[in-house]
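A.B. asks: Next up is a structure, given as structure tokens.
The values are calculated or read from the model by the stated rules, or taken from the named source; none is laboratory data. Since the structure is predicted, the reported quantities are computational estimates derived from the model, not experimental observations. Glycine also receives a Cβ, built like all others from the backbone with ideal geometry; neighbour counts cover every protein chain displayed.
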There are 2 protein chains.
Amino acid sequence: MRLVEAVLNGDRLALARLLTQVEQGTPAGLKALDMLFQHTGKAYLIGVTGSPGSGKSSLVNRLVYALRHPIGDASPKRVAVIAVDPSSPFSGGALLGDRVRMRDLAGDAGVFIRSMASRGNLGGLARATVSSAQVLDAAGFEVILIETVGAGQAEVDIARLADTILVVGTPGMGDEIQAIKAGILEIADILVINKADQPGVEEAEQFLRMMVETALTQKDTDDEGKRWSPPIVRTIALRGEGVQNLLDVIQQHAAHLENSGQSQERVRHRLEYDLINRVQERLLARWWGEVAEAAFREMLERIYRREISPCQAAEQLVEVTNQL
Amino acid sequence: MRLVEAVLNGDRLALARLLTQVEQGTPAGLKALDMLFQHTGKAYLIGVTGSPGSGKSSLVNRLVYALRHPIGDASPKRVAVIAVDPSSPFSGGALLGDRVRMRDLAGDAGVFIRSMASRGNLGGLARATVSSAQVLDAAGFEVILIETVGAGQAEVDIARLADTILVVGTPGMGDEIQAIKAGILEIADILVINKADQPGVEEAEQFLRMMVETALTQKDTDDEGKRWSPPIVRTIALRGEGVQNLLDVIQQHAAHLENSGQSQERVRHRLEYDLINRVQERLLARWWGEVAEAAFREMLERIYRREISPCQAAEQLVEVTNQL
């Protein structure tokens, strides 16, 4: 397949076209994914999640820039961004000021930005994100930043597939703190207080520290070596302050994952998630091929008339195809 | 089943227990859902979606109160709230002030509040929400308000299952406007500008009106009778202002759906969504029962070693069970 070869040779236009096919799940896209898969497994995935307004897009922007222009004699990383948040400037849904800032990255061949805004329906988003990350990984991007809005469940699930998960808040969090209380905190590897020049930063940090400690004592702490207490890092993304420090903390987390064996666990978890999704997709596709459209419509009418429940109807429809 | 009977007889404790079983998808829960299904199809579903901070919880609170205390000689409706947003006060994730306000509704037997915060994983949330709505419908609640955060994809999909969808914003929307631009607007039946006493309300309304008109001209407008231009309604939920008017507009939308035949379309769409989910669930469950755990683990290791792609592995694993 020429598109696959072109992608492996660094052709950006081919990459964009292949990503579209892969995300849409076309036969050619799936075929390409099969061919590319052996080249995956090298990229480091960073999930960045937080409410709109937390400045996480600016932070992603700065992280990309810092990875491209490392201090000292470290070599620049090839970086990709997958923007799942529809309000992200990376998805084209941003204010003018943000778009202008994105230009820092434009024209850099070591950076590739992909927007997943409004792709597919329920479940499709996570699958498409996993697939896109695999393609970008195979294409040689060493760090992949996945930006999701912290509020939605699919988005939280997507972030959970990363190696390091950043949860971004701001000093005057208010509602965001509520979201943190309600589950986001549990998945954070690193907590970022962005806009740290705004009032209330001390209180926010104290609050988060308390939350982290509470969460930690509730967790299973049998395995000392695997324990990681999420550090709280302050940044001012608009001015680039604290970003290098954040990168250092991300590297510490990566080292921790490596040393504790959790790195492989996370990769296995990601692949298992992908496999089960693929199985489910294939089972449903096979079922659609076997069930008669008329039988399905007829069953739907019976449900509509309340003669049968959706569960019972599903049982019957699945049984029928089983006997073929 | 005694629990089902108790629910049909208005036992609130039984209802809460049954909802838990149904949401968790236990065998007893699924059985109960089958038995209750014939009693569904009477409730009107209202989706309320918007970012944390838009005040949608306060608005839901006021809508419930207004439905319970109608003007004139209309009879009060029995109302249920399903809170999918983890930051909603209905989910217990709120500031003290909000919780206190919720007390207006406490002790009213015609009101039932159910929190879906942090239930299940990807896809599970939507399924659990549909199931819960069916149980509440069967239990005789005439209006069901489903509150979701407007940012996540699963949440948008959930809102889409309602009869009338409210999208709630505020005058100083900023980031929320971006989210609206990026897809939320398309699903809105009614746009609500809450906190309408704040500065910028005129600009927000002008902006939304422009967006609505743009969206409308892009839509298929062949079928004049089905066309509905989403009205923009101002509210100040904290003071209850504009809430009665909003209820009137919801009723106008309900009448429009009825007259244009779209009411039945939405119900059919909802049932079809439920049926396909059930089929998918059942197919996967059957597959798990047939595939050997060892074969699955072995395949996962082969994927981990990059010997086979997840797609190819899924194909083989599904083929094997097919030959049984």
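A.B. asks: Considering only residues that are in contact (Cβ under 8 Å) with a residue 24 or more places away in the chain and either surrounded by 19 or more Cβ atoms within 10 Å (Cβ to Cβ) or not small (Gly, Ala, Ser) (or both), which ones fall in the range A:240-253? Don't jump to the end; show me each part of the working.
C.D. replies: Taking the range A:240-253 as the starting set, the residues that turn out to be in contact (Cβ under 8 Å) with a residue 24 or more places away in the chain are A:240-244, A:246-247, A:249-250, A:253.
A:GLU241, A:GLY242, A:VAL243, A:GLN244, A:LEU246, A:LEU247, A:VAL249, A:ILE250, A:HIS253, listed by residue number.
A.B. asks: A follow-up question, please. Take A:ALA314 and decide whether it is facing another protein chain (nearest Cβ under 10 Å) and part of a helix (DSSP H, G or I).
C.D. replies: Yes: the conditions hold for A:ALA314.
A.B. asks: Does A:GLN264 count as more than 25 Å from B:ARG282 (Cα to Cα) and not aliphatic (A, V, I, L, M)?
C.D. replies: Details: more than 25 Å from B:ARG282 (Cα to Cα): yes; not aliphatic (A, V, I, L, M): yes.
Criteria met by A:GLN264.
Here's the yes/no breakdown for (1) within 14 Å of another protein chain (Cβ to nearest Cβ); (2) surrounded by 17 or more Cβ atoms within 10 Å (Cβ to Cβ):
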position: A:ASP11; (1), (2): no, no
position: A:LEU19; (1), (2): no, yes
position: A:PRO27; (1), (2): yes, no
position: A:GLN38; (1), (2): yes, no
position: A:ALA43; (1), (2): yes, yes
position: A:VAL64; (1), (2): no, yes
position: A:GLY72; (1), (2): no, no
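A.B. asks: Being within 19 Å of the chain's Cα centre (by Cα) and at pLDDT 95 or above is the filter here; which residues of the range B:250-276 pass it?
C.D. replies: Residues of the range B:250-276 that are within 19 Å of the chain's Cα centre (by Cα), as a first pass: B:250-251, B:253-254, B:257, B:262-276.
Answer for the range B:250-276, where residues must be within 19 Å of the chain's Cα centre (by Cα) and at pLDDT 95 or above: B:ILE250, B:GLN251, B:HIS253, B:ALA254, B:LEU257.
A.B. asks: May I ask you to say which residue of A:ARG2, A:ARG68 is more than 16 Å from the chain's Cα centre (by Cα) and closer than 19 Å to A:SER132 by Cα? Walk me through how you get there before you give the answer.
C.D. replies: On the way: A:ARG68 fails: closer than 19 Å to A:SER132 by Cα.
Checking each option against the conditions leaves just A:ARG2.
A.B. asks: Next up: Of the residues that sit in the range B:257-268 and are in contact (Cβ under 8 Å) with a residue 40 or more places away in the chain and either within 14 Å of chain A (Cβ to nearest Cβ) or touching a Gly at 6+ places or on another chain (Cβ under 8 Å) (or both), which one is farthest from A:GLN312 (Cα to Cα)?
C.D. replies: B:SER263
A.B. asks: Would you say A:GLY200 is within 14 Å of chain B (Cβ to nearest Cβ) and at pLDDT 70 or above? Full working, then the answer.
C.D. replies: Working: within 14 Å of chain B (Cβ to nearest Cβ): no; at pLDDT 70 or above: yes.
Taking the combined requirement at face value, the residue does not satisfy it.
Residues checked against (1) more than 8 Å from every other protein chain (Cβ to nearest Cβ); (2) free of Cβ contacts under 8 Å to residues at least 24 places away in the same chain; (3) among the hydrophobic types (A, V, I, L, M, F, W, C):
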position: B:ALA255; (1), (2), (3): yes, yes, yes
position: B:LEU275; (1), (2), (3): no, yes, yes
position: B:TRP288; (1), (2), (3): yes, yes, yes
position: B:GLU298; (1), (2), (3): yes, yes, no
position: B:PRO310; (1), (2), (3): no, yes, no
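A.B. asks: Quick check: anything in the range B:217-229 surrounded by 19 or more Cβ atoms within 10 Å (Cβ to Cβ) and either at pLDDT 85 or above or within 26 Å of the chain's Cα centre (by Cα) (or both)? Steps first, answer last, please.
C.D. replies: From the range B:217-229, those surrounded by 19 or more Cβ atoms within 10 Å (Cβ to Cβ) are none; that's our starting set.
For the range B:217-229, residues surrounded by 19 or more Cβ atoms within 10 Å (Cβ to Cβ) and either at pLDDT 85 or above or within 26 Å of the chain's Cα centre (by Cα) (or both): absent.
A.B. asks: Working only within the range B:254-276, note down all residues that are loosely packed, with under 14 Cβ neighbours inside 10 Å and among the small types (Gly, Ala, Ser).
C.D. replies: In the first step, residues of the range B:254-276 are kept if they are loosely packed, with under 14 Cβ neighbours inside 10 Å; the result is B:255, B:258-259, B:261, B:264-265, B:269.
Within the range B:254-276, B:ALA255, B:GLY261 meet the criteria.
A.B. asks: So, in the range A:1-55, of the ones that are of a type outside the set (S, T, N, Q), in a loop (DSSP other than H, G, I, E, B) and touching a strand residue (DSSP E or B) at 6+ places or on another chain (Cβ under 8 Å), which residue ends up farthest from B:PRO310 (Cα to Cα)?
C.D. replies: Here is the first cut: in the range A:1-55, the residues of a type outside the set (S, T, N, Q) are A:1-8, A:10-19, A:22-23, A:25, A:27-37, A:39, A:41-48, A:50, A:52-53, A:55.
Right, trim to in a loop (DSSP other than H, G, I, E, B) and you get A:1, A:10-11, A:25, A:41-43, A:52-53, A:55.
Okay, now just the ones that are also touching a strand residue (DSSP E or B) at 6+ places or on another chain (Cβ under 8 Å), so A:43, A:52, A:55.
Numbers: A:ALA43: 17, A:PRO52: 33, A:GLY55: 35 Å.
In this case the residue turns out to be A:GLY55.
A.B. asks: If B:ALA255 passes every condition in (1) outside the structural domain of B:SER131 (by TED's automatic domain parsing); (2) of a type outside the set (Phe, Trp, Tyr); (3) over 24 Å from A:TRP287 (Cα atoms) but one, which one does it miss?
C.D. replies: If we test B:ALA255 against (1) outside the structural domain of B:SER131 (by TED's automatic domain parsing); (2) of a type outside the set (Phe, Trp, Tyr); (3) over 24 Å from A:TRP287 (Cα atoms), just (1) comes out false.
A.B. asks: Which helices (runs of 4 or more DSSP H) does the range B:105-195 wholly contain that include 3 or more residues that are at pLDDT 70 or above and buried (at least 24 other Cβ atoms within 10 Å of the Cβ)?
C.D. replies: Values: elements: B:124-138, B:153-159, B:175-179.
Passing ranges, in order: B:124-138.
A.B. asks: Among the residues of the range A:89-100, is any in contact with a Leu (Cβ under 7 Å, 6 or more places away or on another chain) and either modelled with pLDDT of 80 or more or β-branched (Val, Ile, Thr) (or both)? Lay out the reasoning, then the answer.
C.D. replies: Here is the first cut: in the range A:89-100, the ones in contact with a Leu (Cβ under 7 Å, 6 or more places away or on another chain) are none.
No, that holds for no residue.
A.B. asks: Filter the range A:277-286 down to the residues that are crowded, with 18+ Cβ neighbours inside 10 Å and either within 7 Å of chain B (Cβ to nearest Cβ) or within 20 Å of A:ASP137 (Cα to Cα) (or both), then identify the one that is farthest from the chain's Cα centre (by Cα).
C.D. replies: Just the residues of the range A:277-286 that are crowded, with 18+ Cβ neighbours inside 10 Å, to begin with: A:277-283.
Now restrict to residues that are either within 7 Å of chain B (Cβ to nearest Cβ) or within 20 Å of A:ASP137 (Cα to Cα) (or both): A:277-280, A:282-283.
Details: A:ASN277: 16, A:ARG278: 18, A:VAL279: 21, A:GLN280: 20, A:ARG282: 23, A:LEU283: 25 Å.
Out of the qualifying residues, it is A:LEU283.
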